[in-house]
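A short worksheet on the structure shown next.
The values are calculated or read from the model by the stated rules, or taken from the named source; none is laboratory data. This is a predicted model, so every value here is computed, not measured. For neighbour counting, all protein chains shown are included, and Cβ atoms are generated from backbone atoms with ideal geometry for every residue, glycine included.
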Amino acid sequence: MTWKSVLGRIVYASYPFVLVGALIFAGAFSLNFTTESTQTHDWYDSVIALDPEETYVHNVTISYEPMSGYGSGVENGSIAMEEPPLANTLTNWKRAWLPFFFELNETIGTEAVINRSLVGPEGVIESWAEVGIVAGGGGDMVKPEVTQGGTYRFSLQNMGSQAIHLRFTWELEWHYYEKPYFYYGVTALAIALVYPAMFLIKNFGPWKSRQQTDEESAVGYSENG
C-alpha cells in the first residue's frame, strides 16, 4: 500500500467531518450575523445663555401611543413614540436612544466648566458629571436608552465666573437591527446534525449489534461445520 493510497483513504474518511464542521461554522455565523442602521426622527437645536451659577433645565417627555410613524418632537416638550419601543422578533428589532449634546458657542479657545446631570423617568439620576469644555474642541454628550415612557430632565449649570453661550441639542435616535441570514443558519445547522446522527445510528444502532451477532453466529456455524 503506497502513501498516496493511505492519504487518499484519510481524505476520503475525513471529508464528511470537514463538511460538517464547515456547515456548523457557516450556520453559527449566519445565526449571529447582524446588520444595523440608524435614523434620527426628531431633534432640537438651540443656543442658550448661562450666567455664572445659572442652571438651564430641559425636559423631554416620552409618551407611547399607537401610531404608524415615529412621533414628532416638541420644543422642551414631548415625543410621541409608537408602542412598544422594543418590538422584537427573532430576526428584526429596534432600540431608541435620546442623546443630549452641548458645546461651547464662544470664541475658539474659550474655556468653561459645566455641571451637567440627567434624571430619568423614575426620578433617578442616570448621569452626573462636572466637565471642562473648550470652544472649538468638541463638547459633551449623555446618551440614555429609551426603555420606558416618562420625562427625562437634563440640566446644565455654569460653574465658571463668566457668562457663556452653549449650543444645546437633543435627538431621538432609532437603531434598527436585522439578522438577514438567520434561517439559513438554522438550515445549515440542521443539515450538519444529520450526518453525525446517521453515523451513530449506522455504527452503534440496534441493527449493528444484530449484524455482529449474525456474523459471529455464521462464523461459529462454519467452524462447527
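Laid out as a table, the results:
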| read-out | value |
| --- | --- |
| Selection status of E130, without any contact (Cβ under 8 Å) to a residue 60 or more places away in the chain, among the acidic types (D, E) and either under 21 Å from N59 (Cβ atoms) or not assigned by TED's automatic domain parsing to the domain that holds D51 (or both) | no |
| Among the candidates V142, V113, V134, residue that is among the hydrophobic types (A, V, I, L, M, F, W, C) and touching a Leu at 6+ places or on another chain (Cβ under 6 Å) | V142 |
| Selection within the range 21-45 - more than 25 Å from L90 (Cα to Cα) and either surrounded by 14 or more Cβ atoms within 10 Å (Cβ to Cβ) or touching a helix residue (DSSP H, G or I) at 6+ places or on another chain (Cβ under 7 Å) (or both) | D42, Y44 |
| Residues being of a type in the set (V, I, T), over 23 Å from N88 (Cα atoms) and not in a strand (DSSP E or B) - total across the range 162-186 | 0 |
| Long-range neighbours under 7 Å by Cβ, at least six apart or interchain, first residue under 10 Å from F29 (Cα atoms) within the range 176-189, second assigned to a loop (DSSP other than H, G, I, E, B) | Y181/F33; F182/L90; F182/T91 |
| Residues located in the range 110-133, provided they are among the β-branched types (V, I, T) and within 18 Å of H165 (Cα to Cα) | T110, V113, I114, V131, I133 |
| In the range 105-117, the residues that are over 14 Å from L50 (Cβ atoms) and either in contact with a Lys or Arg (Cβ under 7 Å, 6 or more places away or on another chain) or not in a strand (DSSP E or B) (or both) | T107, I108, G109 |
| Residues (in contact with a Ser or Thr (Cβ under 6 Å, 6 or more places away or on another chain) and either at pLDDT below 90 or not in a strand (DSSP E or B) (or both)) located in the range 45-58 | D45, P52 |
| Residue check, A13 on the phi < 0 side of the Ramachandran plot and either at pLDDT below 80 or outside any helix (DSSP H, G or I) (or both) | yes |
| Residues satisfying the stated conditions in the range 128-144, i.e. surrounded by fewer than 15 Cβ atoms within 10 Å (Cβ to Cβ) and in a strand (DSSP E or B) | W128, A129, E130, V131, G132, M141 |
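So that you can scan it fast, the table gives a plain yes or no per residue for (1) surrounded by 12 or more Cβ atoms within 10 Å (Cβ to Cβ); (2) at pLDDT 85 or above; (3) closer than 28 Å to W97 by Cα:
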{"site": "G8", "(1), (2), (3)": "no, no, no"}
{"site": "L19", "(1), (2), (3)": "yes, no, no"}
{"site": "P66", "(1), (2), (3)": "no, no, yes"}
{"site": "E75", "(1), (2), (3)": "no, no, yes"}
